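Reviewing the structure listed below.
Since every read-out is calculated from the coordinates, none of them should be taken as a lab result. Bear in mind that the values here come from a model prediction, so they are computed numbers and not experimental data. Ideal geometry is used to build each Cβ from the backbone, glycine not excepted, and the neighbour counts take in all protein chains shown.
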Amino acid sequence: MNPGTGCLAALETLADALGRDEWVTVLTTRGAGHTPRLHVINRRVPVLASDVYAEAGWFWWPHAERIARTDDPGAAAVLVAHALSAGDSAAQPSPGRAPLPQRFPPDQRGQTHRVPPDTAPQGARR
């Protein structure tokens, strides 16, 4: 069996796990020498989109960060949906998936942190 075939099947399974109501998924293959990818787009906020790759038993972001194992497309769907939802509560993977824990306490989310002008590096724009 061609290793690329397993990657394609994994990406198709991920697309199914995400569902079609809130996500547009486009499976792209370009022939020999090119890695297949799944382009995932948030239907409500189309600018929130990314490619996902499947290789060596893992789903990957384009910046070479692992998402989840290919034998657990449900977990990958939850993580992809979380990353591409930007707080859009309607943009979730298939029902029955556990929500992700919050990374920051509610009082720290959305805060902007700026360097005070007197501590900015020499020659920095202000």
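Annotations
- As a summary of the residue check, D51 satisfies the conditions (1) in a strand (DSSP E or B); (2) more than 20 Å from A86 (Cβ to Cβ) except for the one numbered (2).
- Residue match in segment 54-62 (condition: among the aromatic types (F, W, Y) and in a loop (DSSP other than H, G, I, E, B)): yes
- Extreme residue, surrounded by the most Cβ atoms within 10 Å (Cβ to Cβ), among residues of segment 30-66 that are more than 15 Å from the chain's Cα centre (by Cα) and touching a residue at least 24 places away in the same chain (Cβ under 8 Å): P36
- Considering residues of segment 1-48 that are among the acidic types (D, E) and assigned to a loop (DSSP other than H, G, I, E, B) only, the residue nearest to A64 (Cα to Cα): E22
- Residues of segment 20-48 that are over 16 Å from A83 (Cβ atoms) and out of contact with any Cys (no Cβ under 6 Å at 6 or more places or on another chain): R20, D21, V26, L27, T28, T29, R30, G31, A32, G33, H34, T35.
- Long-range neighbours under 9 Å by Cβ, at least six apart or interchain, first residue farther than 15 Å from A15 by Cβ and free of Cβ contacts under 8 Å to residues at least 60 places away in the same chain within segment 67-83, second aliphatic (A, V, I, L, M) and surrounded by fewer than 17 Cβ atoms within 10 Å (Cβ to Cβ): H82/L100; A83/L48
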